[in-house]
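Everything below concerns the one structure shown next.
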Amino acid sequence: MNKMRIISTIVENKPGVLYKVSNMFRARGFNIDSITVGTTEKTDLSRMTIVINADEPTLKQLVKQLAKLIDVVHVDVIDPQNAIYRELALIKLNAIETKSRLEIISYANVFDSKVVDVSTEHITVEITGTPEKIDAFIKIISPFGIKELARTGVTALTRG
Amino acid sequence: MSGAKALIKALKREKVEVIFGLPGGAIMRVYDELYDADIRHILVRHEQSAAHMADGYARVSRRAGVCMTTSGPGATNLVTGLATAYMDSSPIVAITGQVPTSMIGKDAFQETDIIGISTPITKYNMQPRDPSEIPLTVKKAFYIATTGRPGPVLIDLPKDVQDKTADMVFPDSVKIRGYNPDVQPDPSAIAKAADMLLSAERPMIMSGGGVIIANAFQELQAVAEFLQAPVVTTFKGKGSFPENHPLSLGPVGMHGHPEANKLITEADVLLAVASRFSDRSVGRFDDFIATGIKIIHADIDPSEIEKNLPVHIPIIGDVKVILTELLKVLIKKAIKKDRTKWLERVEEVKQQFRNRQDLGSKEITAPKILKKLRELLPIDTIVTTEVGQNQMWASLHFDVIKPGTFFSSTGLGTMGFGFPAAIGAKVACPNVPVVDIAGDGSFGMTANSLATSVLEKIPVIVVILNNSVLGMVAQWQRMFYNRRMIAVDLHNVPDMVKLAEAYGAQGIRVQSMDEFSKAVRLALKSDVTTVIDVPISPEENVFPFVVPGSALKDMVLA
Ligand SMILES: Cc1ncc(C[n+]2csc(CCOP(=O)(O)OP(=O)(O)O)c2C)c(N)n1
C-alpha cells in the first residue's frame, strides 16, 4: 500500500547537493512527488523536504540511501499527524465577468486565501495549506477556468 | 604555495607512493610538480587502465590507489574504471584536471562536467574553486575513500586553481558532519544472532567481498569452525575462506559450485557476512526466501540491509569487529546443536558433485588448465580475472587457498579489468607472482597496458583461454538463441604471441598440457611480462551455471 511520505533532510548548503540528492532518486528508480529546498537557521545548511509515494520497505531503503550521501547531514521521516506541513500555490483564473469575479473572491475568503493580482481578464490567488486543502480549493474553482497554476511542493517541520 | 604544489604535498602526507596516469593540458602544472616529488608515476596508455591499476593496487594493499588524468577525454576515459571500483567497493582517489574556473560551463576545449558524470559512480567527488581548499580536499578524499564501505573519490582540479598560490593549512584529520563511518555493532543484535546460530539445525555462512576488504579471514574461519557451519562465498568473496578447508563449499550463485547452490537451499539459518545479496549470488530473490531460510546479515553499510531481501537479524558495523564479538559470545554460550547429520549431508552432496568431474583425457580444456595452474602457482600468487567464461571457469576450478589473493570485476563485470588490475597488484606486491586469467576478447580491451607492464618493469603473467570468440556471449547464443551466432567471432585476431612480442613482452603459445606447465614455469622465472596463449575450442561451454533471473535450484548442470 503506497501513501504520501514526507522526508525532511538537512544537507550541506553548497553547489551540486540538490543534484546529488535528486540523482540518487533517479538512479535507484524512485519517483519524487515534490522537493523543496531552502536555507535553515544555520547559513551553511539547507533543508530539503521531499514528498514521495511509497510503501514501507521502499521508504526505509530511501532513508538509508539518503543518509549514505555524504552531503546529507540528517534525515527524518515526518509523521503528518505530528507535523506542520504546508504548500503554497499561485493560481491564475479566467475572470472577465463581474459575477465570476465576485464568486472567486468569496471562495478565496472561505479558503483563507488571498487575491494577489487582478487584471481585466484574470484574477490570481495565493493559497497556503496542506496539499489536501489546496487540492480541494483547486477543485472548487477550476470551473472558472484555470489559466496558469504553480505549486511549490510541501515544506514541513515537526510540532513542538 | 601553488595549488599544484599543495596537491603533491598533500598526497605525500597521505603516504602516496605511486600514481597511475596520463598527462594532458589541464593537468600539466601538477605533472610539473610531480617531476621533483618522490612519488613514482606509472604512465598508462589509456586512462581506463589507470583506474583499474589503482583499483588492483588498492585491493591488494588495502590502501587507496591513485590515478590522474587530464580534463575532458582524459576524465571520461576514467569512467569505466571508477564505476568498476564503485561497484566492488574499492578505494581509489582519482585526480582530474579541469578547464580554468572562468571557462567552466562555456563548453571550453576539453571541458567536460566530470563532477556531474561521476556522481552516481563515485562515493564522493569534489571540485575546489580556490587553491587554499586543496589540502582539506585531499584529506577528505582519502578519508572518505578508505573508511566505512570503501569506494572511489574524484577530485576535479581547475587549471587556475592549480596555478594560483595561497597560504596553505594542512590538516591532520578531518571531520565531516554527514559522514560517520565508525559504527559500533549492537551487542544485543550479536547476542540474538549467536542464539539463532547455536540453535540452528543446518547453519551456513555466506562470506562476501567485505570480508576481504575488512581483512577478517581469521575471524571468519574461527566462527565457521566453532559453529561447524559450511561456508559458501559470493563471487566477490571468493577466497575469503580457504577453498581447501573441509567446511568450504566454494563460490555460490551464477559462477558457483553446484554443491554450494544445492546446500544453501537446504540451510535453515544463513549468516551472511559483508555481502550485498547480489542477484548473481543468490539467484531470484523470491525463490531464495521461499526456502524459509532465516537470514542474519552483517554489513558495514546500513543501506545494504533489506535492500534486496528481508532479513531477520541485521548487524551493522565493521565485520572484523562483528565476527570477533560474535565468536566471544558463541564461546561463552557454548551450547550448540549436534551438527553430525548436517555435516554428513554436506559431505554427501559434495561427493555427489565433485565425483562428476572427469579430467582424464589429454586434450586441453579450460577446467584442466585452471586446475593445472593451481598446482603450478605458489599459494600466495595473486590472481585476477577478466570477464566471461574465463571468469566463471576461474571461479569454479581455481581454488584460492590463501585468503585475499583473488580479484575480479564482480560488480560491474568489466572486460579489460584483469590485466591492468594485475599490474596494479604487482606494484603493491612486487615479490609475489601475479597472474591474470583472461579471455581473448577481454584482454584485447586493455592489451595496450603491455607497454606499461614492459617499460615500467612490472612483470605479470597473462593466461589467455583463447577460444577466439566472445565466449560467454557465444555460449548464450548456443543455449538460448538457437545458435544464431552474431557478433561473437574474433577470428583469432590479433595473434596474441606476436602482440606480446610487439610490446617487448614474452609470448608463448601452448598446444598441450605439458607445454602449458613448461610455459608457466618459465613465466614464473621471467622478469618480463609473459602472455601464455592457450587455444581452446570455441564451442566449450561453462557448466554448471545459474541463468540470470532464475533460482539457484534451477542451475544448469550440463
Ligand atoms: C566492457 C564490456 N563489454 C561487454 C561485456 C559483455 N560481455 C560479457 S562476457 C563477454 C565475452 C567475453 O569474451 P572473452 O573476453 O573472450 O572471454 P570468454 O567468455 O571467451 O572467456 C561479453 C562481450 C562486458 N562484460 N564488458
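The Rg/Rh ratio of region B:92-220, with both radii computed over alpha carbons and Rh defined as the Kirkwood radius, is 1.17.
Rounded to whole Å, the principal axis extents of the Cα atoms in region B:475-522 read 42, 26, 12, largest first.
Evaluated with a Cβ-only charge set (Lys, Arg +1; Asp, Glu -1), region B:446-558 carries a dipole of roughly 160 debye about its Cα centre, given to the nearest 20. Each semi-axis of the equivalent ellipsoid for chain A is √(5λ) with λ an eigenvalue of the Cα gyration tensor; in descending order they amount to 35, 16, 14 Å. Compute the signed sum of charges (Lys and Arg +1, Asp and Glu -1) over the other residues within less than 13 Å, Cβ to Cβ, of B:Tyr124. Residues near B:Tyr124 contribute +4 overall. The aspartates and glutamates whose alpha-carbon is closer than 17 Å to the alpha-carbon of B:Lys159, local same-chain residues fewer than 8 away aside, are B:Asp32, B:Glu33, B:Asp107, B:Glu111, B:Asp113, B:Asp130, B:Glu133.
Here's how it looks for B:Arg40: its modeled amide H is under 5 Å from those of B:Val18, B:Ile19, which are all 5 or more places away or on a different chain. Only one residue of A:Val118, B:Phe545, B:Leu78 has its Cα farthest out toward the positive end of the dipole of the protein assembly as shown, where Lys and Arg carry +1 and Asp and Glu -1 on Cβ, and that residue is B:Phe545. For the residue pairs B:Lys12/B:Lys426; B:Lys294/B:Lys402; B:Lys328/B:Lys350, the alpha carbons lie more than 25 Å apart in B:Lys294/B:Lys402; B:Lys328/B:Lys350. Both the radius of gyration and Dmax for region B:397-552 are 16.2, 48 Å, in that order, over alpha-carbon atoms. Close amide-amide hydrogen proximity is noted between B:Thr112 and B:Gly72, B:Val99, each under 5 Å apart and 5 or more residues distant or on a separate chain (H modeled in the peptide plane; Pro and chain starts excluded). Shown here for region B:1-107: trypsin sites (Lys or Arg not before Pro) in loop regions (DSSP other than H, G, I, E, B) with at most 13 other Cβ atoms within 10 Å, namely B:Lys15, B:Lys106. Looking at A:Gly38, B:Gln389, B:Thr414, which one has the Cα that reaches farthest to the positive end of the dipole of the protein assembly as shown (charges on Cβ: Lys, Arg +1; Asp, Glu -1)? Most positive-ward Cα: B:Gln389. Taking the longest Cα principal axis of chain A as reference, the axis of helix A:98-110 is set at about 40 degrees. Taking trypsin sites (Lys or Arg not before Pro) across region B:365-458, the ones in a DSSP loop with at most 14 further Cβ atoms lying within 10 angstrom of their Cβ are B:Lys457.
The Cα trace of region B:139-191 gives Rg and Dmax of 16.7, 57 Å, the first to one decimal, the second as a whole number.
Computed over the Cα atoms of region B:96-159, the ratio of the radius of gyration to the Kirkwood radius (Rg/Rh) comes to 1.00. One compactness figure for region B:239-350 is 1.10, namely its Cα radius of gyration divided by 2.2 N^0.38 Å. Charging the Cβ of each Asp and Glu at -1 and of each Lys and Arg at +1, and nothing else, the dipole of chain B about its Cα centre rounds to 800 debye. The calculated FRET efficiency for the pair A:Asn94 and B:Arg129, based on their C-beta separation and a Förster distance of 51 Å, comes to about 0.60. Restricting attention to chain B, close to 5% of DSSP beta bridges with both partner residues there are antiparallel.
Sorted largest first, the principal axis extents computed over the alpha-carbon atoms of chain B equal 72, 59, 43 Å. When the alpha carbon gyration tensor of region A:107-159 is reduced to an equivalent ellipsoid, the three semi-axes, largest first, read 22, 12, 11 Å. Dipole orientation for the protein assembly as shown: of the candidates B:Val138, B:Phe109, A:Ala89, B:Val138 has the Cα lying most toward the positive pole (charges on Cβ; Lys, Arg +1; Asp, Glu -1).
Counting charges near A:Phe144 (Lys, Arg +1; Asp, Glu -1) among other residues having Cβ under 14 Å from its Cβ returns a value of +1.
Using C-alpha pairs below 8 Å separated by at least 6 residues, the relative contact order for chain B is 14 percent. FRET efficiency for the pair B:Val556 and B:Lys333, taken as 1/(1 + (r/R0)^6) with r the Cβ-Cβ distance and R0 = 35 Å, rounds to 0.25. In terms of its Cα atoms, region B:27-149 spans 40, 35, 31 Å along the principal axes, sorted from long to short. Stokes-Einstein diffusion for the protein assembly as shown, with the hydrodynamic radius set to the Kirkwood value over Cα pairs and evaluated at 10 °C in a medium of 1.306 mPa s, equals 56 µm²/s. What percentage of all Cα-Cα pairs in region B:199-289 are separated by more than 22 Å? Everything past 22 Å amounts to 16 percent. Enumerate by residue number the trypsin sites (Lys or Arg not before Pro) in region A:29-125 meeting two conditions: DSSP loop (anything except H, G, I, E, B), and at most 12 other Cβ atoms within 10 Å of the site's Cβ. Here the trypsin sites (Lys or Arg not before Pro) that fit, given the DSSP loop and packing criteria, are A:Lys42.
Read-outs throughout are calculated quantities, based only on the coordinates presented, and are distinct from any laboratory measurement. As the structure is a computational prediction, the values presented were derived from the model and not from experiment. We place every Cβ from the backbone using ideal geometry, glycine too, and count neighbours over all the protein chains shown.
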